Every structure is written in C-alpha cells, then in structure tokens.
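Take a look at the structure set out below.
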Amino acid sequence: MSFVNMDKIAVAAQLKAAHLNLPRAEELRVAFQKCVEDYYLSQEISDLEVRGLVVTGDSRVGKSREMKKLIRDFNDSATLMPDERPAQVVSCLLSGRVTFKDLGIKTLKALGYEIKGTRTQEYIWERVLDQAEGQGVIGIHYDECQHVFYEGAKSNRIFLDSFKSMMKEPRWPLMLILSGVPSLAKYIQSYEQLDRLLAPVHFSTIKLKRDKEQLVMLLFAFADQVQIEIEEIVTPEFLARLDHASSHRWGLVIELLTETLIDAKLKGKTQLRVQHFAAQYASRTGISKDYSPFTAPDFMEAFDPKKLFDLSG
C-alpha cells in the first residue's frame, strides 16, 4: 500500500508553479534590488554601508512565500559581484526563544555547515563569516525574526547591536533581511543605528475595495494552471465570502484555493462551484459545510474573522 498519491502530487506540483506577482511583490523586489546594488557599491567603494530590509505583516499574509520566491530567483540569477563570483542569499527560519549563540548555529546550518553547540559563541560567529565569505553569500534572511525579541528582555539590545555589527563587519558585511509580524518593526525602530540601515516593507491584509482586481487575477491564475473553470463563481458575493473565510489573509486564500483545486481535479471536475470551497473549508476548520462563511446568509455577522483564523491552523 502506497502512502503517496502520485496523481495528487502531480496536480500539486502544477499549482506550486503558479505565481501571480501582486503589487507588494514588486515593491519587495525593488527594495531588495536597491539593497543588492548598495552591496555591490560597498564592495567597490569601501566607505559605503551595506543596507537591508525589515519585512513585516500579519501571520499568513504571504511574506514567507514571496521571500522564498525572491531569494530563489536571485540565487538562480547568478548575479556577479565585484569579486566576479555569483552572489547568494540564504534563509534561516527562527522558532521559539533563541540566544545569539543559537542564532549563530542556525545560521551556519543554513550555510550548510554543521557545528557542535559546545563551541564558544565567538568561534561560531567567526565560522559564519568564514563560510559566508567563502561561499559568496552576501545576505541572510531571518524569517519569523520576532522570536528573538521579548518585551523588556536584556537580550534585545544584544541582538539589535549584533545585527548592526553584522552589516558593518569590515571583513565581510552581510545584507540582512529580517521578516516577521508587525511587532518586529517596533524592536528595530527602538535602535536607531540599525533602523536607519533597514528599509521597511509592509505586507497588508486583503482590503476588497483596493484588492478586488488582484484577488480575481489570483483565482484565475491558479485555476488556469490545472485547466479548471472558475468564472461562474467569481462574483462580488463570492469574493467577499472567500475574503472573510480567509480572515483577509492572502496566504490562507492561496492555501484554500490550492486544496480546493487539487480535490476538484482528482475528482474529474472541470468547473469549480461554491460548494467545493465550502466542503474543503469544512475539512480544514471543522465548520459545517452547510453553515459556513461560504453558505450562511449572514456570514459576516455569524463568523468572527479572528476566530476563523484560529481554526485555520
């Protein structure tokens, strides 16, 4: 008995290839390109500073998805630096409380270098510089970076000062990209010397009056990828229900849309219906498909988006 449905894997792979460049992705790309150009100039003109980004937004708005694509595209581009080596950026996901020493170990792992935790903090960070310089890694992305900060913690200043030092390291400066929930910006702004080195990019939640066109384009882009019709259900009412059910989060819209399309394709459907979304939403949240944000007449009053977000996991 196989535990892998290869038909499902094939459809999922098609959908993973779908990507719509929303305006926020272009804003992120432009800000990132400026940082890379500043890095290039800093290597040619030694007195120029390396710059970075602080990318914020509520959970499940799609920050990680956009960052992963941007970093993958950059690494694939093999952009040459003044030393004639292709530049690379690595990403490191943070979870739970970490010390600066822990961060060094995680950073080394992202660089493909394993080290024993018994080594000193100074030794570990020296290896970070060695590995980054040796591999031509010009930047590090710390995802969910809010996890290193805690209200009133003395360690906050250590991280802030250390991040600044990493960007100003004369031997091999590193372009930092710190991403996380909006509270991350508060900690960065509390330390002026780091704040002025990091350009802010904010990912907002969905606002239908502003984002209706982008949401429609997203639905069609993914449905077209697996050749399923969706036009009949893309009405103002459906868009409002989808937005509400997804707690106004782009990431949750994409997850629900992807799962619904996979299920429909495997069942041989050629046209998506509202009930397909209702059924998939029920399996995700435990809410009855007969009375959910997709079916209830009073869905806005009946369902609190914050509570729906908690149910979405």
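The values are calculated or read from the model by the stated rules, or taken from the named source; none is laboratory data. Note that the coordinates shown come from a computational prediction; the quantities given were computed from them, not determined experimentally. Glycine gets a Cβ as well: all are built from the backbone with ideal geometry, and neighbour counts include every protein chain shown. Surface areas here come from the heavy atoms of the whole protein model, side chains and all, with no ligands, DNA or RNA. Shrake-Rupley method; radii C 1.70, N 1.55, O 1.52, S 1.80 Å.
I'd like to know if segment 136-159 contains one or more residues that are open to solvent by 70 Å² or more (accessible area, probe 1.4 Å), in a strand (DSSP E or B) and more than 26 Å from Leu41 (Cβ to Cβ).
Within segment 136-159, not a single residue is open to solvent by 70 Å² or more (accessible area, probe 1.4 Å), in a strand (DSSP E or B) and more than 26 Å from Leu41 (Cβ to Cβ).
Restricting attention to helices (runs of 4 or more DSSP H) lying wholly within segment 1-102, give those where 1 or more residues are touching a Gly at 6+ places or on another chain (Cβ under 8 Å) and within 29 Å of Arg157 (Cβ to Cβ).
In segment 1-102, 23-44, 63-77 are the helices (runs of 4 or more DSSP H) which contain 1 or more residues that are touching a Gly at 6+ places or on another chain (Cβ under 8 Å) and within 29 Å of Arg157 (Cβ to Cβ).
May I ask you to list the residues in segment 165-201 that are small (Gly, Ala, Ser) and either in a helix (DSSP H, G or I) or surrounded by fewer than 22 Cβ atoms within 10 Å (Cβ to Cβ) (or both)? If you could, list the steps in order and put the result at the bottom.
Step one: of segment 165-201, the residues small (Gly, Ala, Ser) are 165, 179-180, 183, 185, 190, 199.
Result: Ser165, Ser183, Ala185, Ser190, Ala199.
List the number of the failed condition for Ile105; all other conditions in (1) closer than 27 Å to Gln121 by Cβ; (2) in contact (Cβ under 8 Å) with a residue 24 or more places away in the chain; (3) open to solvent by less than 60 Å² (accessible area, probe 1.4 Å) hold.
Here Ile105 meets the rest and fails (2).
Report every pair of residues separated by at least 6 positions or lying on different chains whose Cβ atoms are under 9 Å apart, first residue within segment 136-150 and closer than 8 Å to Leu174 by Cα and among the hydrophobic types (A, V, I, L, M, F, W, C), second part of a helix (DSSP H, G or I) and open to solvent by less than 10 Å² (accessible area, probe 1.4 Å).
Ile138/Tyr39; Ile138/Ala132; Ile140/Thr107; Ile140/Val128; Ile140/Ala132
Scan Ser165, Ser155, Ser179 and give me the residue that is touching a residue at least 12 places away in the same chain (Cβ under 8 Å) and closer than 17 Å to Lys101 by Cβ.
Result of the check over Ser165, Ser155, Ser179: Ser155.
Among the residues of segment 157-213, count how many are closer than 22 Å to Tyr39 by Cβ and in contact with a His (Cβ under 6 Å, 6 or more places away or on another chain).
Of the residues in that region, 1 qualify.
I'd like to verify a number: residues in segment 202-223 that are of a type in the set (A, V, I, L, M) and not in a helix (DSSP H, G or I), how many? Give the derivation first.
Applying the first criterion (of a type in the set (A, V, I, L, M)) to segment 202-223 yields 206, 208, 215-219, 221, 223.
Filter once more, keeping what is not in a helix (DSSP H, G or I): 206.
Number satisfying all stated conditions: 1.
All but one of (1) open to solvent by 40 Å² or more (accessible area, probe 1.4 Å); (2) in contact (Cβ under 8 Å) with a residue 24 or more places away in the chain; (3) of a type in the set (S, T, N, Q); (4) out of contact with any strand residue (DSSP E or B) (no Cβ under 7 Å at 6 or more places or on another chain) hold for Gln275; which doesn't?
Only one criterion in (1) open to solvent by 40 Å² or more (accessible area, probe 1.4 Å); (2) in contact (Cβ under 8 Å) with a residue 24 or more places away in the chain; (3) of a type in the set (S, T, N, Q); (4) out of contact with any strand residue (DSSP E or B) (no Cβ under 7 Å at 6 or more places or on another chain) is unmet by Gln275, namely (2).
Can you tell me which condition Ile124 does not meet? The list is (1) surrounded by 19 or more Cβ atoms within 10 Å (Cβ to Cβ); (2) aliphatic (A, V, I, L, M); (3) within 26 Å of Lys63 (Cα to Cα), and all the others hold.
If we test Ile124 against (1) surrounded by 19 or more Cβ atoms within 10 Å (Cβ to Cβ); (2) aliphatic (A, V, I, L, M); (3) within 26 Å of Lys63 (Cα to Cα), just (3) comes out false.
Scan segment 250-262 and tell me whether some residue there is surrounded by fewer than 17 Cβ atoms within 10 Å (Cβ to Cβ), over 22 Å from the mean Cα position of the chain (by Cα) and not hydroxyl-bearing (Ser, Thr, Tyr).
No.
Kindly indicate the residue of segment 51-73 that is modelled with pLDDT of 95 or more and in contact with a helix residue (DSSP H, G or I) (Cβ under 7 Å, 6 or more places away or on another chain) and also most open to solvent (accessible area, probe 1.4 Å) among those meeting that condition.
Arg51
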